[in-house]
Amino acid sequence: MAAQNGKDLLIKVDMASDGQFQTLAGLRATRVSFNAEAVDVTSLESQGGWRELLGGAGVRSAGISGAGVFRDEGSDERARQIFFDGETPDFQVVIPDFGIIEGPFQVTAIEYAGAHDGEATYELSMASAGALSFTAI
């Protein structure tokens, strides 16, 4: 995969639970992480004393974080409402030349900041809240 513009990694949210996704406006930096817990099944009979892991077991999760400035009232309001209502709507994460990750996420943190001589900024963290799908681009 060739180098990509960071601005092409997009986080989109289903604005009205109707399958229509809109980019969360004003994000300047985004990060996606995928995790899988390992289930250790090592025993005294493990060959050579090497650790053994149980394939297909454990909990898989994904996390998304972003930071930016306020630009679009509708998507900013939607992000705040998701947090305060404890909703888990579908999000899409578009990773250029790789694919689209889609599924439910919960907004786990929103932080607001601002300096007297600068713009108001926010940081957003989300955790997967169900099964995710992957569609290759």
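No lab work stands behind these numbers, since they all come straight from the coordinates. Please read these numbers as outputs of a predicted model, since none were measured by experiment. Here the Cβ is made from the backbone with ideal geometry for all residues, glycine too, and neighbour counts use every protein chain on show.
Counting residues in segment 42-59 that are within 27 Å of THR135 (Cα to Cα), hydrophobic (A, V, I, L, M, F, W, C) and not in a loop (DSSP other than H, G, I, E, B) gives zero.
Here SER125 passes the criteria (1) farther than 25 Å from THR23 by Cα; (2) within 16 Å of the chain's Cα centre (by Cα) except the one numbered (1). Look at (1) at positive phi; (2) touching a strand residue (DSSP E or B) at 6+ places or on another chain (Cβ under 9 Å) and you find that GLY48 fails only one, number (2). Of all residues in segment 103-122, those satisfying the criterion of being of a type outside the set (A, V, I, L, M), within 25 Å of PHE34 (Cα to Cα) and surrounded by fewer than 19 Cβ atoms within 10 Å (Cβ to Cβ) are GLY103, PRO104, GLN106, THR108, GLU111.
Kindly provide the set of residues from segment 65-83 that are closer than 14 Å to VAL107 by Cβ, among the acidic types (Asp, Glu) and touching a residue at least 12 places away in the same chain (Cβ under 8 Å), ordered by number. ASP76, the sole residue that qualifies. Could you list, in sequence order, all residues of segment 23-77 that are basic (Lys, Arg) and closer than 24 Å to ILE101 by Cα? Within segment 23-77, ARG28, ARG31, ARG60 meet the criteria.
Confirm whether ALA62 is small (Gly, Ala, Ser), part of a strand (DSSP E or B) and either touching a residue at least 40 places away in the same chain (Cβ under 8 Å) or over 25 Å from GLN81 (Cβ atoms) (or both). So ALA62 fits the description; yes. Against the definition (without any contact (Cβ under 8 Å) to a residue 12 or more places away in the chain and part of a strand (DSSP E or B)), how does ALA113 come out, yes or no? Yes.
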